[in-house]
Structures are given as C-alpha cells and as structure tokens.
Amino acid sequence: MSSPQTDLRSKVTRPGKNTDGRRRGKSRAFPKGRQVDMDALDDVQALLGDRPRRSDLLIEFLHLIQDKYGCLDARHLRALAHDMKLAQAEVYEVATFYHHFDVVKEGEAAPAEVTVRVCDSLSCALMGADALLAQLGENAPKDVRVVHAPCMGRCDLAPVAVVGQRHIDHADADKVLAAAGNRDTTPLVPEYETFAQYVSRGGYDMLKSCRSGDKTPEGVIETFGEAGLRGLGGAGFPSGTKWGFVRSEAGPRYMCINADEGEPGTFKDRHYLETKPHQFLEGMLIGAWGVDAQTVFVYLRDEYPAAREILIAEIAALEAEGLIEPGYVDLRRGAGAYICGEESAMIESIEGKRGLPRHRPPYVAQVGVFGRPTLVHNVETVFWMPEILSRGAQWFADQGKPGRKGLRSYSVSGRVKNPGVKLTPAGVTVRELIDDYCGGMAEGHSFRGYLPGGASGGILPASMDDLPLDFGELEKYGCLIGSHAVVILSDKDTARDAALNLLKFFEDESCGQCTPCRVGCEKAVKLMQQDTWDEPLLNELSAAMADASICGLGQAASNPLQSVFKYFRDEL
C-alpha cells in the first residue's frame, strides 16, 4: 500500500501547458509545510486513545507525550496538532511557554534520560542550593541532566531537588545522585486521611446538609461573612461576597480551584492537600453547590506530583460513593508557570492556552472559564468551609487576636529551628511566629529581617517584628501579607542578596505579555548585579513596572527592591 506522501506526490501537477495554450506555473514536488510523520501519529493516537480531542485538553495531552517519551519531539508535536485539528504554531507556542515541557526542535538531540531539578529560590538558596547545583554539575553522569528550577513548594525542607517526579528533601549531592542512578523518579505519597477516616469524624455531613436543603446559599454566605472568611491565596477578598457576585450572573457557571501556589516561600496548600484532602474536597463541593457550578476544575501545580496522586485516588473514591458524578471534578495539571497562580492566567491554561493574564474588567466572576461566570477559590479558603459550617461562624471568628477574625496558616521557612506550616490566630507577629511556633532562630543565627508575604510581599527589618501579619496592616510599609509566606533572614544574610534572588525569579517567571514586566524585571536584575546600585534609575524603573504592568507580577515585582532602599540602606 502506498504511503500518504506517495499518494500526494502522484497528484502533483508538472510544469507544462494548459489546454488553452498558456503555460502552467511551476508546481511543488512536495506539499507545503512541515509534514506529519505517520509513525509519530500512531504514537500520539495510541496515547490519547478515545479521549475527546478538545482544544482545552492540549496541555493534558502534552503531559501524556512527555511522560511517555521524556520530551516533546517536533515529530510528536506535529502529529498532535494534526490529530487535534490545531495549527502547528498553536501547539508549539503552548508547549514552549511552560517550563516543564522539554521541546526538542528539528535536528536537536533529546535531553538526558533523567532530569534533576534543583530549586534555587530564596529559601533553598539560603540553605546552599548554589553549592548543590555546582556539585551536581561536576559529578552527574552523562545520562543525567542537572538544571536549576524555581520554587517547588517545599521551602521548609530546603534545599530541595527533584529527580523526575521524586522530591529529595534536605538534599545533598550524594542523595540526589543515588536517586538518579537508581532511577527513583516516581513520587513518594505520604500518609493522609482517607475517605473512610474522614467520614468517621463527620466528613461530608455539611455537604449533605447543603444539598438536602437544610442550608441555603444565602444563609451560608451570611455565615462566612460573620466568620470573617477571606480568600487565603493572597488577595484576602471576602469569600461570601465572591459567591454573591457569581450567583448574580446567569448560568451556566463553573468553579475553579487555584492550587498553583508558586510564590517562593509558600507551601501551606500542599500541606493540606497531602494531609487532609477530603476536608478540602468537601469545602470545594460546598462552594460548587453554592454557585450551582456545572463543573469544578482543580488546577494543580506540576511540582506537586504526590498531591496529584492523592487527588486522583480520592476523587475516584467520591465518584464510587456517589457523592459526585464521574467527570464532575476535572483535575488539571499545570506545567511549571508561576504566572498561572494569577486567576485569569490559570483560566487561560485550563482552556489549553498559554497562561497569559487577561485585561480586566470583565472579571472572572462574570467572564471566566469558557466565557462563563466562574467562582475561583484557593485550597486553604475552601478547606475551612466545612468546619465553619459545622462549628459555627463565631467559632472561627473567635480564633483571631483581639480585633481580628479567624485562623491563619503561615508557611515559615528560612533561618528558624522548626520551619513548616504554623496554624495561628489571625494577627500574630513575626516575633511570636519565631519564638512560640518555630522554636526560635536556628543555631548560630540572629534575626535580621523577614519576608512577611512571599516573594512579592517586600522585606522588613527585625526592628519591625511587632506588626500584625494580617490583611490591611502591611501596605503602609510598602509590603503585603499575600499568601502568608514568611521567610526569615539572619545576620548571615543580606536583604540585598535576597532581593536579587527574588528579581531573578520574577525575570524567569514573567509571562512576557507586557513590556514593563518582561523588560523591567530583566533590566532590574542587571542593575542589581552591579556593585553600586543606581538608585534613581531603579526607582524610575520600579515606578514604570508598578504603574504599567498588566497583572500583579510586574506590579509587585519591585517590592523587595524598594524595601532595601527603605529599610536596609546600610547594605547599599
């Protein structure tokens, strides 16, 4: 049987004359464009099986190919585009946007069989990530590729490396090379509360109460308002109010869970997903009930492979128990893009596109995923919903310090004895976090400064250790509480070096859509690498980024830099 290319060639018209005597133009001996390799098409179709060929599943399909073959070869990208009836350029631009996709261009060699990624974001940098990278670069065998990577959400276990999808905590060169040599690349799944264990302590009672009519969405919204429940992913927007906005829009409606906590220093959502996934899932389903969502999308960062394994198993358990219909909860896998923590960029990614933030208005509560009204919550926000409904609004509200409401989960890392997720009353200070929850400073270190809200939250000196770490308190000092990620610096560190590390992160993670952020982060890094900082120029650059960037990444990227000018002038 002749191949498709042979058939095409047999139909090519040769130069000659038309019947009216005019000479025909030259014809091509081969079809235009990059042609599909039939063997690659067989590979792709075998992997995709009977899955629907929807464009919003493009990123999921790219993951399938990379997981199978270790990279995204140009042959497979062309075949995927052909099979999905998409332009090759569309598939290529998505594949090259995300850090975790290894695209192999025409004529290039495939990457090494095993990839080791070493986190070099701030918490890991404090714990020796640069030295670890250097050691691995010198000693890794040829079939092991070593690359730097942004925050992996394990800052309390720094330094961290990942071999394939297996994380190496408190990593050293020997541990990493041993895992790479043994091909230990699958995720390690920790023990967690199962469906049966959760139900035994009253789990899903609140969801059933909502669905049975014992509770109304309006009543639940009022309860959350009295409790003071706010969005705990960074913005701090009142959760019940958000429900009201989405409910006021005509259906159909959707819900998205933002589990893409990529802010350096943040790991609280991972903690809850890997310990009590069903409390999260029940809260999520209560939110979906509250806005009558047709589908719930859970967008989980690719750096959390263990959490992904847990969610796959426990969502299947919910389906088996009849609590949800098959496919009602759609688990989507990120591909390494910090910008997808921004809600509209996350929605673009769910739709199978590059994670580029949208211009607003309209807001996602009005025009969200697939153009429909969408409720977006982060993991910790919905985690508290079942408990608030079970114990009452007053229980949660009374947990805060005087004048404040609720509990807060702080991701604490850096120079403390006992880093980790610390559950405290709202309004705790960094001094209380260090002394009462973390066992004090690490041996041989004295407190110098801290990041109160992750990479974009700025840097404060130790002398300002009595500020309540809560929404609305830090803005007057040029800082943000954000996702409650607290990184502690000591006398062995400088705020100047920390700020440079953070700007390098923003430079790598800028989506590139807007010039102020794309170019501004790059120029800021170059200026900050100089022995003497050009303060007037850096201030001018910071103002342009804050005023003209499309989203919060560029708008807040210069906060660490400005903090050095305000509070650490002795380092300039």
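The values are calculated or read from the model by the stated rules, or taken from the named source; none is laboratory data. Because the structure is a prediction, the values reported are computed rather than measured. Virtual Cβ from ideal backbone geometry, glycine too; neighbours counted across all protein chains shown. Quick note on the areas: whole protein, heavy atoms, side chains included, nothing else; ligands and nucleic acids left out. Shrake-Rupley method; radii C 1.70, N 1.55, O 1.52, S 1.80 Å.
Quick look at the values:
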{"read-out": "Hey, Ala180 open to solvent by less than 50 Å² (accessible area, probe 1.4 Å) and under 23 Å from the mean Cα position of the chain (by Cα) or not", "value": "no"}
{"read-out": "Residues that are part of a helix (DSSP H, G or I) and under 10 Å from the mean Cα position of the chain (by Cα), drawn from segment 333-367", "value": "Tyr338, Ile339, Cys340, Gly341, Met346"}
{"read-out": "Residue ID - surrounded by the most Cβ atoms within 10 Å (Cβ to Cβ), chosen from residues in segment 424-445 that are over 10 Å from Tyr410 (Cβ atoms) and among the aliphatic types (A, V, I, L, M)", "value": "Ile434"}
{"read-out": "Selection status of Val421, crowded, with 24+ Cβ neighbours inside 10 Å, under 28 Å from Cys256 (Cα atoms) and at pLDDT 95 or above", "value": "no"}
{"read-out": "Among the candidates Val428, Val412, residue that is touching a helix residue (DSSP H, G or I) at 6+ places or on another chain (Cβ under 9 Å), outside any loop (DSSP other than H, G, I, E, B) and under 17 Å from His484 (Cβ atoms)", "value": "Val412"}
{"read-out": "All positions within segment 46-64 that are under 30 Å from Val163 (Cβ atoms) and either charged (D, E, K, R) or in a helix (DSSP H, G or I) (or both)", "value": "Ala46, Leu47, Leu48, Arg51, Leu57, Leu58, Ile59, Glu60, Phe61, Leu62, His63, Leu64"}
{"read-out": "Count of segment 81-111 residues which are of a type in the set (Gly, Ala, Ser), at pLDDT 95 or above and under 17 Å from Asp67 (Cα atoms)", "value": "1"}
{"read-out": "Residue in segment 455-476 that is surrounded by the fewest Cβ atoms within 10 Å (Cβ to Cβ), counting only those that are outside any loop (DSSP other than H, G, I, E, B) and modelled with pLDDT of 95 or more", "value": "Ser463"}
{"read-out": "Meets criteria (within 16 Å of Trp243 (Cβ to Cβ), open to solvent by 20 Å² or more (accessible area, probe 1.4 Å) and either modelled with pLDDT of 95 or more or hydrophobic (A, V, I, L, M, F, W, C) (or both)) for Gln394", "value": "no"}
{"read-out": "Of all residues making up segment 434-491, the number that are in contact with a strand residue (DSSP E or B) (Cβ under 6 Å, 6 or more places away or on another chain), free of Cβ contacts under 8 Å to residues at least 40 places away in the same chain and hydroxyl-bearing (Ser, Thr, Tyr)", "value": "2"}
{"read-out": "Selection status of Asp493, in a loop (DSSP other than H, G, I, E, B), in contact with a Leu (Cβ under 8 Å, 6 or more places away or on another chain) and among the acidic types (Asp, Glu)", "value": "yes"}
{"read-out": "Conditions (1) within 28 Å of Val118 (Cα to Cα); (2) assigned to a loop (DSSP other than H, G, I, E, B); number of the one not met by Pro326", "value": "(1)"}
{"read-out": "Qualifying residue in segment 92-104 (condition: open to solvent by 70 Å² or more (accessible area, probe 1.4 Å), more than 18 Å from the chain's Cα centre (by Cα) and not basic (Lys, Arg))", "value": "yes"}
{"read-out": "Residue check for Val486: of a type in the set (Val, Ile, Thr), in a helix (DSSP H, G or I) and modelled with pLDDT of 95 or more", "value": "no"}
{"read-out": "Count - residues of segment 144-177 that are open to solvent by 50 Å² or more (accessible area, probe 1.4 Å) and assigned to a helix (DSSP H, G or I)", "value": "2"}
{"read-out": "Answer from Pro187, Pro141 - the residue that is open to solvent by 50 Å² or more (accessible area, probe 1.4 Å), assigned to a loop (DSSP other than H, G, I, E, B), touching a Gly at 6+ places or on another chain (Cβ under 9 Å) and not hydroxyl-bearing (Ser, Thr, Tyr)", "value": "Pro141"}
{"read-out": "Qualifying positions in segment 534-572 - of a type in the set (S, T, N, Q) and under 17 Å from Gly454 (Cβ atoms)", "value": "Gln555, Ser558, Asn559, Gln562, Ser563"}
{"read-out": "Some residue of segment 197-204 being at pLDDT 95 or above, among the hydrophobic types (A, V, I, L, M, F, W, C), more than 30 Å from Gln399 (Cβ to Cβ) and out of contact with any Cys (no Cβ under 9 Å at 6 or more places or on another chain)", "value": "no"}
{"read-out": "Helices (runs of 4 or more DSSP H) wholly inside segment 221-311 containing at least 3 residues that are among the small types (Gly, Ala, Ser)", "value": "239-247, 277-291"}
